[in-house]
Every structure is written in C-alpha cells, then in structure tokens.
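Engineer: Dropping the structure in here first, questions after.
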Amino acid sequence: MIGYNPKDWWKLIFAFHRSDTFRFLLPGIAGVAAYTGVVAYVENDVFHASFKNTTVVHSLVGFVLSMLLVFRTNTAYERWWEGRKLWGSFVNNSRNLALKLHAILPKDSAERETFRVLIINYIFAAKEHLRTGVHVKKLAQTGPYDTDFYKQKKHVPNQIMGAIYQEINNLYHNQNITGDQLIVLNSELQSFTDNLGGCERIKRTPIPYAYSLFLKKVIFLYVFTMPIGFVIEFKYWAIPIVAIIFYVFASIEVIAEEIEDPFGTDANDLPTDIIYETIKDNLEEIL
Amino acid sequence: MIGYNPKDWWKLIFAFHRSDTFRFLLPGIAGVAAYTGVVAYVENDVFHASFKNTTVVHSLVGFVLSMLLVFRTNTAYERWWEGRKLWGSFVNNSRNLALKLHAILPKDSAERETFRVLIINYIFAAKEHLRTGVHVKKLAQTGPYDTDFYKQKKHVPNQIMGAIYQEINNLYHNQNITGDQLIVLNSELQSFTDNLGGCERIKRTPIPYAYSLFLKKVIFLYVFTMPIGFVIEFKYWAIPIVAIIFYVFASIEVIAEEIEDPFGTDANDLPTDIIYETIKDNLEEIL
Amino acid sequence: MIGYNPKDWWKLIFAFHRSDTFRFLLPGIAGVAAYTGVVAYVENDVFHASFKNTTVVHSLVGFVLSMLLVFRTNTAYERWWEGRKLWGSFVNNSRNLALKLHAILPKDSAERETFRVLIINYIFAAKEHLRTGVHVKKLAQTGPYDTDFYKQKKHVPNQIMGAIYQEINNLYHNQNITGDQLIVLNSELQSFTDNLGGCERIKRTPIPYAYSLFLKKVIFLYVFTMPIGFVIEFKYWAIPIVAIIFYVFASIEVIAEEIEDPFGTDANDLPTDIIYETIKDNLEEIL
Amino acid sequence: MIGYNPKDWWKLIFAFHRSDTFRFLLPGIAGVAAYTGVVAYVENDVFHASFKNTTVVHSLVGFVLSMLLVFRTNTAYERWWEGRKLWGSFVNNSRNLALKLHAILPKDSAERETFRVLIINYIFAAKEHLRTGVHVKKLAQTGPYDTDFYKQKKHVPNQIMGAIYQEINNLYHNQNITGDQLIVLNSELQSFTDNLGGCERIKRTPIPYAYSLFLKKVIFLYVFTMPIGFVIEFKYWAIPIVAIIFYVFASIEVIAEEIEDPFGTDANDLPTDIIYETIKDNLEEIL
Amino acid sequence: MIGYNPKDWWKLIFAFHRSDTFRFLLPGIAGVAAYTGVVAYVENDVFHASFKNTTVVHSLVGFVLSMLLVFRTNTAYERWWEGRKLWGSFVNNSRNLALKLHAILPKDSAERETFRVLIINYIFAAKEHLRTGVHVKKLAQTGPYDTDFYKQKKHVPNQIMGAIYQEINNLYHNQNITGDQLIVLNSELQSFTDNLGGCERIKRTPIPYAYSLFLKKVIFLYVFTMPIGFVIEFKYWAIPIVAIIFYVFASIEVIAEEIEDPFGTDANDLPTDIIYETIKDNLEEIL
C-alpha cells in the first residue's frame, strides 16, 4: 500500500505513479487512438460516408455498461475491505489473546515467550502463505519449535496453530489455567483460523468467470464500435474523445482487477507487512 | 469453476468458451437479427413508413430495465458469494475442530481416525447432497460406520453429523474430555449443520417467480419493439445494433440464472470439489 | 411459492399466470390506454394543439422515479430474503437441537418423543401464527401437552417454547443433563424465539407510509401527464407506448408490495409449508 | 406509525394525509410556482429573451442529484429499519428472558413478579428515554423498586437494568440459580443495554452536517435555475413543470429527514408504543 | 460534530459555515470560472470556432463519473457510520461491564473505584490515541495506576486494558468472582480491544490509492474539457454553468475525503468528545 494524502489534489491529478492506470493503459489508449484515426480517415476521406450518428445506441449500452462497472467496483472493493477487516481481526485477536495470557501467566514464565513467538510466527506465516508460500527459515524459533517442526506440514499456519492449541491444552492439563479460563481463551484461538480461511477464500475465488469475460467483451464492443459513428460528427476530434472514454471505462475494470486480490505487494494491496509489524510490536510490549 | 487469469484481456475478449453467454445466446441473437431484417424490409421497402423514431421511449424503459438487471445481478452474485462463504466456513470449521481434537486426543488414539473419516465424509456428503444426492458407497468406512450405517437415513449429512455428536458425547461420558472442552468444541459442531442448511436454502429458493417472469417479459418487449423505430433511422444497420443490445441485456439475465444456484458442476459454479480436496488434505495433515 | 425453471424463457415470456402482474394490472393498463386515446383525440383532432413535446421533463422525473422503484425493489426483496433466512434458521436450529438431544438422551426414552413433538408443533404454530392464527386442534399431542395446554395462552408459539424450556430445565434438575450440556443446548433454544420475532417484525412493519404514499403519487403523476406531450409527437401510437410504460413502472411497485409480506400463501410467498414438512421429516428421522 | 393497506392505490394517490409531503411542501410548491411565473413574465414578455435552453445542464446535474437523493433515502431507511430491528430485539430478548426465568423460578415465587415488573418498566423507560425523558411516576412499582428508587439516577433505564442484574446476582448468591444458568441468562441481559445504546446512537447522530447542507444547496440551485431556461421553451407551462419537479425532489429529502429519527410520535415513526404493549402482554402471559 | 436542525432549510441553504464545501472550494470555483471565461473569449472572439457541441461525450462520461462519486460517497459514509457504531459499542460495553461489576462487587469496595477509573481512562486514551496520541498526564490516577504506569508502553490503551484484565484475574484468583462470572464478564472485556482495533483500521486505511487518483483525474478531465464545447453553445453563460458543475462534483469528493477519517475534531467528525463524556457520566452514576 502507498501512503498518500487524499486531500492533495494537484499532486494526485498530475501524478504519473507506477500504479496509475493511465500509465498501465497507455499502450491501449494509443492503440484506440490510432484505430479511431484510421476509421476517421477511411470513413471521411475515402468513403465520404454520411449515415447518421448512432449516439443513442452508445447511450443505451453505455448506461448498462456503467452500471455493470459500478457493480464490479463494488464487489472488488468489498473483497478488499473484507480482507482489511480480516487483518484487523488478526490485530484484535492477537492483542486480546496476549492481554489475557499476560493476566493469567506469571511474569517471566517460559510460556509467555513461547506464546509470543508462536503468535508472531502465525501472523508472519499467514502473510507469506497468502503470497508465494512460507520460508520456514524466516520463522523465529523457541524451545521445541524449530525449523524442522515448522517444516512437518505443507500448511505452515495450521502447524503453528496446532502448536498453540497444544500449549493451551498443556496449561489446562497441568492446571495452570482453569476450565473457565480455557473457555475465555477459546474465542480468540478459533478466530485466527477463521480469519486466515477468509483470506484464502478471497484469494482463491475471483469474480465468476462469466462476468469477467462478459465485461471485457462489452467494453471492447463498446469502444471499437464507437468511432464508426463518432468520426462523422467529430472528425479527427473523435480521436481524443474515444481515447478518453476508453481510458475511463477500462481503468475501472483494471483497478477492480488489481484490488480484487489484495494480499500481494502491489501498490494498492493491503499493508499486510505493516500490520504484521504492528502486531509484533504490540505483542512484544504486552507479553 | 474455471481457473483463469483476469488480467489477460485479449484472450478473454476473443474466448469462445463453452460457458460464454455469446455461445449460449447465439441462436437467440441470430433470431433477433433475422426478425430485425424482416422488420426493416417490411417497413422501409414495402410500406415506406416514415413515422418518427421512438428512441425516447426506449431510453426511458431502458433505464428502468438496466437498473432491474443490475438488481438481478447483485442478488445473484450475493447468493453465489454467500455460498462461497458457507463453503469457506466448512474449511475453517473442519480445521478448527481438527486442531482442537488434535490437542485434546492422545496421539494415535482410535478416535482421531474416527473423527477424521467422519468429518471428511460429512463434507463429501454435503457436496453430493447439494448436487444429485449421495452415493453412500463412495463414503470412507471406519469402525461401525459402514455403508449400512450411512444408508439408514435419507438425509446422509444429518446421519453423519449425528455420529459425530454421538462420538463427542461418548468422549464426554467416558471423561476423556471435560465439560469445559465440550463447550469449546460445540461452536464448530453446530456450525456444520448451519452451513449446510444455508446452502440448501440458496439451492432451493430462486429469486421470486414474479421477478423472473417480469424481467423476461420486459427484455422481450424491449428488444422486439426496438426495430419498429430503429429500422427507419438506421436502415439495415439496425440488424447488428439490435442484435448487440439483445446480446448485452439477455447475457446479464443468463449469467444471473447460471450463478444463482452455485453448487453444481457448471463452469461458473463454486469449486466445491476443490474445496473438498483442500479440507481432506488439511485434515489428513492435522489429525 | 411456485416451482419453476428460471431458464425456460419462452414459457415465462408468454405465461399468463395467476400471479403475473400483467394479469393483475390489466384493468389499469386498459384504463391508461383509454385515457391516452381520449387525450390524443382531444389534443390532435379537437384543439389541434402544437406545443412542443416535454420529454425532457419525463426524462428527469423518470430517472428519479426509476431509482426510487429500484430502492423499493431492493428493500422488498431484502425483507423477503431475510424471511427466508429466518426460516432457514428454523431448519438449522431444529436439526442441531435434535442432533444434540439424540446424542444426549438414551434411545427410546420418553423425552425424545416429547421434544420431537414439541419442536414440530412449534414450527407448525409459528407458520400459522404468521398467517391467520393457530388452530390448536391441529397440533400433535403428547403426554401433558394436549389441546387444553396449548389453549392457555394467546401466543401459542411462546406457550410451546415455554414447555420446551421447562422440559430442558427438568432434565437439568434431574441431572439427566449436566450444566455444560445445558449451556451447549442454550443457543438453539433462544434462536427459535429470535427467529419468530424476526418474522413478526417483517410482517407487522411495511415500508414507511410516506414512501408508499409518495411512490404511488409520483407514478400516477408521471403516467397521467405523459400523454399530454406524447400524443402530439406519436399520435395514436402513444396509446401502446404509455400503456407499456405504465405496465413496467406499476409492475415493479406491485411485485414489491406482494413480496414485502412473505409469510402468506400467495404465489410469490415463501414456501413455509414445504419448509415445515422438511423439518418434520428431518426430526422424525433423527429423534 | 400509521396502519395502512399498501395495495389500496386510489386511496393513497388521493390521500391528503397530515403526514403527506405534498401537504407539508404546499407553501414551498406555491412559492416555486410563483417564482417561475415571475421569471416567465420577465424573460418572455419584458426582455423577449431568446437564448438557447440549457436542459443539458439540468440533465447532468439532475443525474447526480437523483443519485445523492437515493443515497440519502437509503441511509435514512437503513437507520429506520435498524431502529425497528433493535426494538424487535427488545421483543425477542424479553420473551426469551421471561421463558428462561419461567422455567427456572418456582411458580408464584415473588421473584417472578419482580422480574416481570422490572423488564416491563425497562422497555417503558427505554421508549420514553428516546423521546422527551422518563416520568418515573408512570413506572410500575414492586417491592423496593418505587419512585424514589427510579429517581436516583438520571439515566433511568440504566438504573432499572442495574436492579435486574442485582436480582439475578442475588439468585446466584443464594444458589437459586447455578453458575451454568447464570451463563445462559447472560446473553439476554447484556442485549437490553446494547439495544438501547443502538437506539441512542441513531437518535443522536443525524447524517453528517456536510451532506445535509450540500443536498439542500443543490436542490435549491437546481430548482431556482431551472425556470431560466424552461420558460423560453415551455412559456407559462413551465409553472406546473417546475413545481412538480420541486415537489418530487424536495419530498425525497423531507421524507428522509422524517424517518431518520424514528423514535418519536410522528406518522412515520416506529410503533414503539404498540411494541411496548406487545412486550407487556407477552410477559404477563409468560411470567 | 456540529449540532444542527436538519429541517431548517433556509438556514442551511444560505449557511456559509466554516465546514461548508462551498467555502472550501471557492478558490477552485473561481479558477474554473476564470478558465471558462478565457476559453469562451478565445474560441468565440479570437478563433470564431464553430464545431459542434460535444455534450453527448460529457453525458456518457458524466454518467460513469456520477456513479463513481456515489460509490465514493457510500464507502466514505459506511466508514463514518462504522466508526460511530464502534463508539456506540464503547458506550454499550462500558455500561454493561459497569452494571455487571455493580451487581458483583460489594458496595464501596475499593475495586469499584479502580474499575471506574480504568474504564474511563481507557475510553479517554482510545479517543486521544485516534487523534494525535495520548498525554498520559491527563489520565486519572488511582492506586498503583499513576502516570509512570501509563507511560510504560507506547500503546497506552493496551496498557490500560492489560490492567483491567489483571484486576479481573485477581478477583478470580482471590475467589471474589467465580469462574461463571469470569465467563460472563469476558465478552465485554474483549470487545473494548476489538472496537479500538476497528477504529484504527478505519483511520489507517483510506480508500485504495488507485481510486483516489482516478477519481480526481476524471473530475479534472471532465471539468477542464467541458468549456471547449459549452462556450460555443452558451457563450459567456458557460461561466456559471461550468462553475456550478465543478462545485457539485468536487464537493462530493471533498465531503467524502472529510468524513472518511472520522475521529478528528473537524466539523463533520464523530462527536467522540461528547461520547466520552456520556460514558464518564454513566459510569460515575453506576459504579
């Protein structure tokens, strides 16, 4: 994620950022402009066509297309925001779990260290798991939980969570925590797995194939039939006009595609690295 | 579900996939084109009609129709996404339940195997139950839970869940788990039935009959009255124009119909087979 | 609710079903057509009026009206779908409660029968309570729970739920279930009353009076001022045009009214009878 | 709230109800009509102005304005409906709490009366608290809970809830209820305060000041610049046209303002008096 | 937050409030007006340009832009309202926690004072933490909880919540509260941290950078190409027209930016100071 000041209009308007759709779409915009120029030349200067402009058709279809693009934007944003909520829930759960353990476990007991390391490792593994996979060597080690332990299973976060559950269960068996405290700790514990499962769901399920296919076909149809009528009315002025319309419509689809899977390291992705650091700092303060 | 790269524009635009609405609607599009051609011939070449074009009416109605189609798209997508969430919840619950049982049950105890098989069977049965029904012979067997057992009731997932509850209750009666652990295990247990019930609800309740009826009538009215005015203004060019508008409007309804019931094996359905494999792999790693 | 195949376009387009808004609105459509004919005759043939067409005003207002009708559709559908979710929750709760009791209670104990009958009665009473009231004679009887018992209170479902709570409490007092099991059973028990309360809320609270009043006034204003301008441009062709626009706009309001209160026996109401049968079958299989 | 039959079209169209926005806005509509008449006279008969009509500008702005008004309508309705849900939750909670206490407390014990009176008082106090404040003399008295008791604190519902918690705690201390039953009763108890807090939130937080300001400014700008162009095209016919458009747009804002704070005694407010009576009847039947 | 009467139309229309977007945008509006004047002079009086007006393009793009602005408004408002809900939840939780502690702790016990001070401090620290940071000297002191204690950690609310958990745990260890009461108190305790985490999430995650960038670019493109066509049709009248359109579109973006981060002290921010006072008054009455 990029930090930015949303109130700095001039800077944003003239920004030409790496993640700007204008930059990304530049080849497409140039292609559409060239195509429109060719159509304008052929229709006006070769055939001297004079049929009537069909803006009414582009109005009708443009309306449906706009609404579909807003539907697309809404669903992509909702996925992005749900991903953010799930990572916010990681923050809340690890804080609450740490605060509860802090109250329950005696100061400087070995278990404090174990839980602190395991929870921080879980968040780190979750972050990497949602990208390209976990390098178990990057995980902090404590007691029996070394690289060999983390390697045992393919799903590293599950392996760590299994260790956390095991440690809690040991406390219970050794009567370091009571049954009531076990119940009190339970809601945070199961929430970690729920959150990670939610992120996997967002990552693995893009918008239905039929919508992705259909939206791109309609944008294509819309933009490539547009010059046919426009060049007669606007002559070569149709070139910037069609290029701008292509820029606006295609950008909405492109941004939606980018934020739909928000756990990577792109400019618009969620700041999971920073959230991980926050959790790490918090836990090291508390436990 | 089809795996695809949402960023590969050209491939998607020119795709002619089995699930593409363009392919599905081709006969309809051809019919609309032929009908428009006939209307154009009759009005322009037979009657030489010259009344004024009624695009204003199609604008007014087109606006309402577009908004209704977006309403349709939203509700269909929400059902699809809710279905995905319910299956994501199956993943989370089986992981959490397995992690908890892994911490509670001694290594290599017989109960580990029983629970692993029963939970995997439950998910398999849920998947098949939402399609054409469960073939009990395909379910894994363990201890007393054989084909005869699964056959006893018509609602196979309920039968398996009954066995899981019974096994948990036996653990409790034999004091292998305490009352506090029973409470801790409860939330995952009841969530399985809630999820399956949610899927059955989506499957059995399409959008109200009145909307389905009304939307199809309005699309029909809209497309079949369109050539009357258009052929006078656009002559034979009305043929591709009306065909495109039919393609766009009918596609939205067709996609909505397809994703509304997302538990089958169509191209846009949810990947319940893959999710089942994920759960199976996870459980075999944990328990 | 009507069972139907949403993919059977031709059948739906030419259906003239009892619940079809076209049938319901036929007198209104005829009236609007006649009124438009009279306006056309008076303006064109009597006064030979020639002022300019006001379609711009109908475009402006038509836009707001369309969006309000979509708002109306959304709220009505959400109420319908929330009603469906509440009934889905009845299914899930009764299954979960039955599965839990099946695991706890010994085979063939008298309590199994009591709970099965009381839960099925509760669902039946809830269904009837949301229609015209409960005929206590139709409720199954078991042990002390006979017609006289059900009659004691005006709110029959509350009376039955009181009995279920009492029975659970007796099990607890007689130490047939432990305190931990009491806690585990609690969430399903309180959910029944929550669901029924949710249904009563939907039934008793239509959309605010001001919206219902306002929407009907605007549709009326819109349709009855439309011919004034249209008959000059379209002559007698205005008759089908205005009639179609009236059909489309009024239908949306009429369907919204119908699905807003979804617990009756109308064509678009929820299939509460079928859901009741499902619950009954499930419980008879489990308990 | 007004009881009404949403299907009675004629009655609603010609209703001239006290709460009708048409009645409320009549002075405004008359003012707009007079202003348009003056503009028509000045432009057409004094200056004989002939510049071109600016309907394109009003189309552009009208579109944004319509969408903002629908946004306004949606948020106002959501608040109204959330208020209704919170009061529905009061119904559900008091029923569930009463049913649980009915099962736990022996018949005709003094505590039954105490709880019944306190819960009914709580709902009554909540209702009045959301209006102009609680008259403690109107609260029913029982045992130590007399007018002097209720007067002790400014926030009367909190005072009553404190008493309910105290009574439950006494039952627990005197071992009339077990710890498991305490846990089972807890969810209803804390829900009362959550619901009341939710209602206070809706009551005290109108839509952000900036939107309220902005929407009124845009409606004003829109309606008062409209005659400038319209009177040239429509002459004195502009008077009813502008008046109707003002009526439609201003009504949406006026209704949103009215339902935004739904706990009063206006025609469109929630029926909290009736809900209170329902709860009272239910509790007197159960406890 | 500003208190205001939403029904006072005249006052709001002519208000020129510090937070009014009209005031904020005045320099921009003046700039746009001057730019339009220059374009009008150059095109009409210098070049005597006569190409056709391109309002159709601005209609097409204006439509998409409007819908994106409404999407922007919706998301900003949802964040603002979610923030309000989280602070409402602070009110509910502190009331419920205080009511429960009031019932459990003996009158005038030292713990009452400790909890009252700590909870009030937590809310105060949360409020300041969401602004510029907590001045620990402003926190009330009680027993061992003095300035030095609060200073120990950078995240002051976590430090206070740690103390609250510790105090509850002490009560449990000293058997002043039972395990059942510990479970009953748990839900309020963990909710404080969840609420604060939710607020931090809203504060730290503005809408994706790509949308902020894109929306500002499209508004800029839209407004600065508008005069090119408009000045030919409307001459110098284009100056107020373009200025008004800029005012309307830019205002929506400006208001969304302002309410998106609602925890500051701006005019449209949430009244967290007042909510803090409410909680303080409530707790001092109850505990």
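Engineer: Exactly one condition in (1) more than 7 Å from chain D (Cβ to nearest Cβ); (2) modelled with pLDDT under 95; (3) part of a helix (DSSP H, G or I) is not met by E:ALA126; state its number.
Structural biologist: Here E:ALA126 meets the rest and fails (2).
Engineer: If I filter segment C:37-48 for residues that are within 9 Å of chain B (Cβ to nearest Cβ) and modelled with pLDDT under 95, do I get at least one hit?
Structural biologist: Taking every residue of segment C:37-48 in turn, none turns out to be within 9 Å of chain B (Cβ to nearest Cβ) and modelled with pLDDT under 95.
Engineer: Looking for something farther than 30 Å from D:HIS155 by Cα, touching a residue at least 12 places away in the same chain (Cβ under 8 Å), outside any helix (DSSP H, G or I) and not β-branched (Val, Ile, Thr) - is there at least one such residue anywhere in segment E:252-270?
Structural biologist: Taking every residue of segment E:252-270 in turn, at least one turns out to be farther than 30 Å from D:HIS155 by Cα, touching a residue at least 12 places away in the same chain (Cβ under 8 Å), outside any helix (DSSP H, G or I) and not β-branched (Val, Ile, Thr).
Engineer: Now, a different point. From (1) surrounded by fewer than 19 Cβ atoms within 10 Å (Cβ to Cβ); (2) farther than 26 Å from D:PRO271 by Cβ; (3) within 8 Å of another protein chain (Cβ to nearest Cβ); (4) basic (Lys, Arg), pick out the condition that doesn't hold for D:LYS107.
Structural biologist: Of the numbered conditions (1) surrounded by fewer than 19 Cβ atoms within 10 Å (Cβ to Cβ); (2) farther than 26 Å from D:PRO271 by Cβ; (3) within 8 Å of another protein chain (Cβ to nearest Cβ); (4) basic (Lys, Arg), the odd one out for D:LYS107 is (3).
Engineer: Within segment B:153-165, take every residue that is of a type outside the set (A, V, I, L, M) and within 29 Å of B:ILE183 (Cα to Cα) and give me the one that is surrounded by the fewest Cβ atoms within 10 Å (Cβ to Cβ).
Structural biologist: Per the stated criteria, the residue is B:LYS153.
One line per residue, one yes/no per condition, for (1) at the interface with another protein chain (Cβ under 7 Å from one of its Cβ atoms); (2) more than 13 Å from B:LEU270 (Cβ to Cβ); (3) in a helix (DSSP H, G or I):
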position: B:LEU60; (1), (2), (3): yes, yes, yes
position: B:PHE63; (1), (2), (3): yes, yes, yes
position: B:THR73; (1), (2), (3): yes, yes, yes
position: B:GLU82; (1), (2), (3): no, no, yes
position: B:GLY88; (1), (2), (3): yes, no, yes
position: B:LEU97; (1), (2), (3): no, yes, yes
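Engineer: Further, regarding this structure: Assess whether E:TYR77 counts as being hydroxyl-bearing (Ser, Thr, Tyr), more than 8 Å from chain D (Cβ to nearest Cβ) and part of a helix (DSSP H, G or I).
Structural biologist: Taking the combined requirement at face value, the residue does not satisfy it.
Engineer: Can you say whether B:VAL231 is closer than 30 Å to C:ILE252 by Cβ, in contact (Cβ under 8 Å) with a residue 60 or more places away in the chain and assigned to a helix (DSSP H, G or I), as far as the supplied structure shows?
Structural biologist: yes
Engineer: Taking the condition more than 9 Å from chain E (Cβ to nearest Cβ), polar (S, T, N, Q) and outside any helix (DSSP H, G or I), does A:THR225 pass?
Structural biologist: No: the conditions fail for A:THR225.
Engineer: Tally the residues that are of a type in the set (Ser, Thr, Tyr) and closer than 17 Å to D:THR193 by Cβ, restricting the search to segment D:117-142.
Structural biologist: 1
Engineer: Just one of B:HIS129, B:HIS58 is in contact (Cβ under 8 Å) with a residue 40 or more places away in the chain and closer than 23 Å to B:LEU215 by Cα; which is it?
Structural biologist: None of the other options fit; the residue is B:HIS58.
Engineer: So the check is Cβ under 7 Å with 6+ separation or different chains; which pairs have a first residue in segment A:139-163 that's within 22 Å of B:ARG95 (Cα to Cα) and a second one that's in a loop (DSSP other than H, G, I, E, B)?
Structural biologist: That search, which allows pairs on different chains as well, returns A:TYR150/A:LEU139; A:VAL156/A:VAL134; A:GLN159/A:GLN152; A:GLN159/A:LYS153.
Engineer: Could you list, in sequence order, all residues of segment C:170-190 that are polar (S, T, N, Q), surrounded by 18 or more Cβ atoms within 10 Å (Cβ to Cβ) and within 17 Å of C:ILE119 (Cα to Cα)?
Structural biologist: Scanning segment C:170-190 gives C:ASN186, C:GLN190.
Engineer: Anything in segment B:261-287 that is within 11 Å of chain A (Cβ to nearest Cβ) and of a type outside the set (A, V, I, L, M)? List them, or say none.
Structural biologist: Passing the criteria: B:PRO262, B:ASP266, B:ASN268, B:ASP269, B:PRO271, B:THR278, B:ASP281, B:ASN282, B:GLU284, B:GLU285.
Engineer: Still on this structure, please answer the following. May I ask you to verify whether D:LYS235 is among the basic types (Lys, Arg) and modelled with pLDDT of 90 or more?
Structural biologist: Judged against the criteria, D:LYS235 is not a match.
Engineer: Please pick out the residue among E:ASP269, E:ASP281 that is on the phi < 0 side of the Ramachandran plot and crowded, with 21+ Cβ neighbours inside 10 Å.
Structural biologist: Matching residue, one of E:ASP269, E:ASP281: E:ASP269.
Engineer: Which one of the conditions (1) closer than 19 Å to C:GLY198 by Cβ; (2) of a type in the set (S, T, N, Q); (3) surrounded by fewer than 22 Cβ atoms within 10 Å (Cβ to Cβ) does D:THR114 fail to meet, given that it meets all the rest?
Structural biologist: So the condition that D:THR114 fails would be (1).
Engineer: Would a scan of segment E:234-249 turn up a residue that is among the basic types (Lys, Arg), touching a helix residue (DSSP H, G or I) at 6+ places or on another chain (Cβ under 9 Å), closer than 30 Å to A:ILE241 by Cβ and assigned to a helix (DSSP H, G or I)?
Structural biologist: Yes; the residues of segment E:234-249 include at least one that is among the basic types (Lys, Arg), touching a helix residue (DSSP H, G or I) at 6+ places or on another chain (Cβ under 9 Å), closer than 30 Å to A:ILE241 by Cβ and assigned to a helix (DSSP H, G or I).
Engineer: Identify all residues within segment D:188-230 that are over 30 Å from D:VAL56 (Cα atoms), in contact with a helix residue (DSSP H, G or I) (Cβ under 7 Å, 6 or more places away or on another chain) and of a type outside the set (A, V, I, L, M, F, W, C); write none if there are none.
Structural biologist: D:GLU188, D:GLN190, D:SER191, D:THR193, D:ASP194, D:ASN195, D:GLY197, D:GLY198, D:ARG201, D:THR205, D:PRO206, D:PRO208
Engineer: Moving on to the next point. With the condition being within 28 Å of the chain's Cα centre (by Cα) and either within 7 Å of another protein chain (Cβ to nearest Cβ) or on the phi > 0 side of the Ramachandran plot (or both), I'd like the helices (runs of 4 or more DSSP H) fully within segment D:133-209 carrying at least 1 qualifying residues.
Structural biologist: Output list reads D:156-173, D:179-204.
The values are calculated or read from the model by the stated rules, or taken from the named source; none is laboratory data. Because the structure is predicted, anything quoted here is derived from the model rather than measured. Cβ sites come from the backbone with ideal geometry, for glycine too, and all protein chains shown count toward neighbours.
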